[in-house]
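In what follows, a structure is listed as structure tokens, so that the remarks can point back to it.
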Amino acid sequence: MKYLSRSSLCAMLATLALSVPALAQDFRVGFVNTDRIFREANSAKSAQAKLEQEFSRREKELNDLGTTLKNLSDKFEREAPTLSEAQRNQRQKQLIDQDRDFQRKRREFQEDLNARKNEELQQVLERANRVVKQVAEQEKYDLILQEAVYINPRHDITEKVIRALNAAR
């Protein structure tokens, strides 16, 4: 009885092993590189341009403020030996306060920029995911991956997705 069950098991495993390649041929896998979509898709480029326009004025103001602060600091370093102790302490305190204000403004700018960038990229990603789903359904893919350690280039459908995204705009 044991012999019969082992041979039956071996026969089933052999049948399964022979049928797996046939199943694998019907299974279609694709890969999408989201970093590339964020770099190359027109919607991502327009989102980047929108952010640059939205934040360029604040960035220029921050850069000007940083330059002014550096000039004041350099001037203080040059004049410090000729200033009285009280004047030196007062100007040093002013510089510290101005630097603290500058650092706060720069941090707020960076936080605002990151929040808006995340909002814009999320919208691009949502559009891209809809397009990926459309491509997958049209071309009958069973699985689409967005991250992988290695992917054979023949499974990469990023270019199709970028073309479809650009056409949808």
Classify region 34-99 as rounded, prolate or oblate, taking a ≥ b ≥ c as the square roots of the eigenvalues of its Cα gyration tensor: rounded when a/c is under 1.5, otherwise prolate if a/b is larger than b/c and oblate if not. prolate
Roughly speaking, to the nearest percent, how much of region 45-169's 1.4 Å accessible area is carbon and sulfur? 48
Over the heavy atoms of Phe27, what accessible area does a 1.4 Å probe trace out, to the nearest 10 Å²? 110
Given Ile157, Ala80, Asn118, which one lies farthest toward the positive end of the charge dipole of region 79-160, if we put +1 on the Cβ of every Lys and Arg and -1 on the Cβ of every Asp and Glu? Ala80
Quick one: if the Förster radius is 41 Å, what FRET efficiency do Asp112 and Ser84 give, using the C-beta to C-beta distance and rounding to 0.05? 0.50
Using a 1.4 Å probe, what is the accessible area per residue for region 73-158, in Å²? 75
Two pseudo-spin positions, 7 Å from Cα along C-beta at Gln103 and at Gln146, lie apart in nanometres by 3.7
Whole-angstrom gap from region 152-169 to region 77-127, using each part's C-alpha centre: 42
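The values are calculated or read from the model by the stated rules, or taken from the named source; none is laboratory data. Computed from a predicted model, the values in this text were never measured in an experiment. Cβ coordinates were reconstructed from backbone atoms using ideal geometry, including for glycine residues, and neighbour counts include every protein chain displayed. Each accessible area value is taken on the protein alone, full model and side chains, heavy atoms only, with ligands, DNA and RNA left out. Shrake-Rupley method; radii C 1.70, N 1.55, O 1.52, S 1.80 Å.
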